[in-house]
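Engineer: What follows is a single structure, and I will ask about it in a moment.
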Amino acid sequence: MPSPLRIAVLASGRGSNLQALIAARDAGELPVEFVAVGSDKASAGALELAKRAGIPSFVLNPRDFPTRRDYDFELFARLNASGADLLVLAGFMRIIDGDALKPWVGRMINIHPSLLPKYRGLHTHRRALEAGDSEHGVSVHYVTAELDGGPVIAQARIDVLAGDDEHSLAQRLLVQEHRLLPAVTRLIAAGRLALAAPDGVELDGQRLAAPLRLSGHTLTR
Ligand code: GRF
């Protein structure tokens, strides 16, 4: 049997997407080994989840570093040392220095709660509501130096319902996030996905014309 993909997860918050990955692994649906969980916040729920799952974890406090660059180089030194093959940003709320992340381009993905290229950055649910969008969604993309700007691998969509507020929209989208991230990670673990530099994605050696779509629990072209 081939050895499982080694993944490291970075998270600043509660860690429900990390939990979705752990649950998929535990259910035998995701052949990965978690080698590290890192956070910039000592209070992140993700750290507690890692501890409970027996995953090595670490906190790096940005205040302990003179510049963002220093922070990011230390962060990636830790991640390199973990032996990770893939880095998953699951609610990691920091902009990462472009030079620091360069060696990981093609081996780092992020989950972002919007239908990219719409609504990069923060407050995506509010912005979708304010724009009167009839659809909202979540994207998993390769990370490049451009914030929320790397090639999109896959998306899940939901309808915006009459009466939705930021909270209800976020809650409904989260259900999709918890399916989308394991589904994409599974494709990577199977060696089926690749970044086609500079801005494309290949599935089984074929360039995607559009991001994969999640329907139910399945990704389709
Ligand atoms: C998710 O909405 C994710 O899309 C965004 O940050 C949130 C993290 O939630 N990038 P959690 O910490 O995984 O529960």
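Engineer: Quick one: count up the residues across segment 16-57 that are out of contact with any helix residue (DSSP H, G or I) (no Cβ under 6 Å at 6 or more places or on another chain) and either hydrophobic (A, V, I, L, M, F, W, C) or at pLDDT below 95 (or both).
Structural biologist: The qualifying residues number 8.
Engineer: What residue, among those in segment 20-43 that are assigned to a helix (DSSP H, G or I) and surrounded by fewer than 19 Cβ atoms within 10 Å (Cβ to Cβ), is farthest from the ligand (Cβ to nearest atom)?
Structural biologist: 26
Engineer: Okay, next question. Determine whether residue 64 is under 23 Å from residue 99 (Cβ atoms), buried (at least 20 other Cβ atoms within 10 Å of the Cβ), more than 17 Å from the chain's Cα centre (by Cα) and without any contact (Cβ under 8 Å) to a residue 60 or more places away in the chain.
Structural biologist: Judged against the criteria, residue 64 is not a match.
Every residue, every condition in (1) in contact with a Lys or Arg (Cβ under 9 Å, 6 or more places away or on another chain); (2) without any contact (Cβ under 8 Å) to a residue 60 or more places away in the chain; (3) surrounded by 15 or more Cβ atoms within 10 Å (Cβ to Cβ); (4) within 22 Å of residue 9 (Cβ to Cβ), yes or no:
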site	(1), (2), (3), (4)
101	no, yes, yes, yes
108	no, yes, yes, yes
113	no, no, yes, yes
123	no, yes, no, no
128	yes, yes, yes, no
131	yes, yes, no, no
163	no, yes, no, no
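Engineer: Can you work out which of the residues in segment 148-181 that are among the acidic types (Asp, Glu) and within 13 Å of the ligand (Cβ to nearest atom) is modelled with the lowest pLDDT?
Structural biologist: 148
Engineer: Something else now. Regarding segment 190-211, can at least one residue be identified that is of a type in the set (S, T, N, Q) and more than 16 Å from the ligand (Cβ to nearest atom)?
Structural biologist: yes
Engineer: Collect the residues in segment 1-11 that are out of contact with any Ser or Thr (no Cβ under 6 Å at 6 or more places or on another chain) and either over 19 Å from residue 179 (Cβ atoms) or surrounded by fewer than 23 Cβ atoms within 10 Å (Cβ to Cβ) (or both), keeping them in residue-number order.
Structural biologist: 1, 2, 3, 4, 5, 6, 10 - these are the residues of segment 1-11 that are out of contact with any Ser or Thr (no Cβ under 6 Å at 6 or more places or on another chain) and either over 19 Å from residue 179 (Cβ atoms) or surrounded by fewer than 23 Cβ atoms within 10 Å (Cβ to Cβ) (or both).
The values are calculated or read from the model by the stated rules, or taken from the named source; none is laboratory data. Computed from a predicted structure; not experimentally measured. Positions of Cβ are generated from backbone atoms using ideal geometry, with glycine treated the same way; all protein chains shown enter the neighbour counts.
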